[in-house]
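Everything on this sheet refers to the single structure shown next.
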Amino acid sequence: MILPSLYIVETKMMGHGVFTSENIRKGAVVERSPVIVMSAEERKLLDQTLLHDYIFEWGEKKALCCLALGYVSIYNHSYRSNCEYEMDFKKLEITVRAVQSIKAGEELFINYNGAWNNKKPVWFEAK
């Protein structure tokens, strides 16, 4: 499930990003996406490719990784994100939810650390 108002556009600074053509209310689910789960051995191979930037650590112990289908892997990172993602290890899906109201035309951001307000440094220089 992806909100019909979401679309992908190339941004000036971060490659592609996810935007909305309609206002989104705080608390709304904007996307629910299935994932493809891969092993630690497959992760080592993926880390040598461009896909490294699009996968998520997966599982309670983060021993696995996954590639989210839908738009989930396209959301850009921000320490002031307006969305948060939640992993459901049993259903094999990631849900993205708005943590604040988002206006039409705005980009949707997630914090790559998981929690929308987590300030822990990420593996690349971020704003």
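The values are calculated or read from the model by the stated rules, or taken from the named source; none is laboratory data. All figures in this text were calculated on a predicted structure; none of them were measured in a lab. Using ideal geometry, Cβ is built from the backbone for each residue, glycine included, and neighbour counts are taken over all protein chains shown. We work out accessible area using only protein heavy atoms, side chains counted, and drop any ligands, DNA or RNA first. Shrake-Rupley method; radii C 1.70, N 1.55, O 1.52, S 1.80 Å.
Considering only segment 65-112, state which residues are within 23 Å of Val37 (Cα to Cα), in contact (Cβ under 8 Å) with a residue 24 or more places away in the chain and among the polar types (S, T, N, Q).
Within segment 65-112, Asn76, Thr95, Asn111 qualify.
Can you pull out the residues in segment 92-107 that are in a loop (DSSP other than H, G, I, E, B), open to solvent by 50 Å² or more (accessible area, probe 1.4 Å), on the phi < 0 side of the Ramachandran plot and not small (Gly, Ala, Ser)?
Those that are in a loop (DSSP other than H, G, I, E, B), open to solvent by 50 Å² or more (accessible area, probe 1.4 Å), on the phi < 0 side of the Ramachandran plot and not small (Gly, Ala, Ser): Gln100, Lys103, Glu106.
Residues Glu84, Glu31, Glu60, Glu41: which one is acidic (Asp, Glu) and closer than 13 Å to Ile2 by Cα? Quick ask: steps written out before the conclusion?
Numbers: Glu84 fails: closer than 13 Å to Ile2 by Cα; Glu60 fails: closer than 13 Å to Ile2 by Cα; Glu41 fails: closer than 13 Å to Ile2 by Cα.
From the options Glu84, Glu31, Glu60, Glu41, the qualifying one is Glu31.
Quick check on Ile55: is it free of Cβ contacts under 8 Å to residues at least 40 places away in the same chain and among the β-branched types (Val, Ile, Thr)?
Working: free of Cβ contacts under 8 Å to residues at least 40 places away in the same chain: yes; among the β-branched types (Val, Ile, Thr): yes.
Taking the combined requirement at face value, the residue satisfies it.
Looking only at strands (runs of 3 or more DSSP E) that fall completely inside segment 1-91, which ones have 3 or more residues that are open to solvent by 40 Å² or more (accessible area, probe 1.4 Å), under 18 Å from Asn113 (Cα atoms) and not small (Gly, Ala, Ser)?
Values: elements: 6-10, 16-20, 29-38, 55-58, 64-68, 83-88.
The strands (runs of 3 or more DSSP E) meeting that bar are 83-88.
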